[in-house]
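Undergrad: Here it is: the structure, laid out below.
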Amino acid sequence: MKTKNAFAFRDFDSARILQRPFFKNLYFSPDKSDAEILESLSMSTEDSVDILEKKLYMIKATHERLTKFRHLIDRHNEKRLDKYNKKKSKSEKIRMNELQRPAPVMEYFSASLSVLELMKKFEKLYYDIDKKLQTRYRKDFANRLKRIRRDLGLTQKQLGDLIQISPQVFSLYERGERRDIPIHTIIRLAKVLNMSTDQLLGLK
């Protein structure tokens, strides 16, 4: 017996969501399932910074497409609901907010994940990689700054005085514990150390 939710448009079988034409420009391999794609985009201890950045781009692009896909599904649901309600009496009509989102599996599907569930997995994956990447950037900068300072024979206080920050704050920079370093501090450091900001940040 069909319930109010049973006729709603299904979010598609999880193993096929990322293989639909809607996602074709993301270059996913056609012989991989959604789970395998998620696994390939997960972090690896061997991943370089460049690889992690590419993974973040792919995850973000996929999530944006999943969001658009979800909207397409919602619009389709609304059209089907409107068509259904036109044939029903006032007491039998169903409101859109009464439908479960995601809709339950229909009789002819054996889906394991919905679009919304897949979106949540990509959101978590993005958060985990971005957090790891930010930590790596901070540590790389901290190690580079410490090495440059020691090569010049300066103490943390001496270099801190030159760029007008306290030894305590400078120590946070060298330990990689300061999340955001002001742009003017980066510029002052580059000038005092007689190098470009690209060199200081490890971009050259």
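Undergrad: Specify whether the C-alpha gyration tensor of region 153-204 places it in the rounded, prolate or oblate class, a ≥ b ≥ c being the square roots of the eigenvalues: rounded for a/c under 1.5, otherwise prolate if a/b is larger than b/c and oblate if not.
TA: Oblate shape, in that a/c is at least 1.5 and b/c is the bigger or equal ratio.
Undergrad: What is the distance in Å between the Cα centres of region 44-77 and region 138-204?
TA: For region 44-77 versus region 138-204, the Cα centre distance is 34 Å.
Undergrad: Another question, then. Compute the signed sum of charges (Lys and Arg +1, Asp and Glu -1) over the other residues within less than 15 Å, Cβ to Cβ, of D198.
TA: That sum, taken over residues with Cβ under 15 Å, equals +2.
Undergrad: Let me check something: with ligands and nucleic acids excluded, how do E46, E92 order by accessible area (1.4 Å probe), largest to smallest?
TA: Most to least solvent-accessible, the answer reads E46, E92.
Undergrad: Determine the alpha carbon to alpha carbon distance for each of K55/K120; K32/K120; K24/K124; K55/K131; K24/K60 and list only those over 18 Å.
TA: K32/K120; K24/K124
The values are calculated or read from the model by the stated rules, or taken from the named source; none is laboratory data. Quantities reported herein were computed from a predicted structural model and do not represent experimental measurements. Cβ coordinates were reconstructed from backbone atoms using ideal geometry, including for glycine residues, and neighbour counts include every protein chain displayed. Keep in mind that these areas ignore ligands, DNA and RNA; they rest on the heavy atoms of the full protein, side chains included. Shrake-Rupley method; radii C 1.70, N 1.55, O 1.52, S 1.80 Å.
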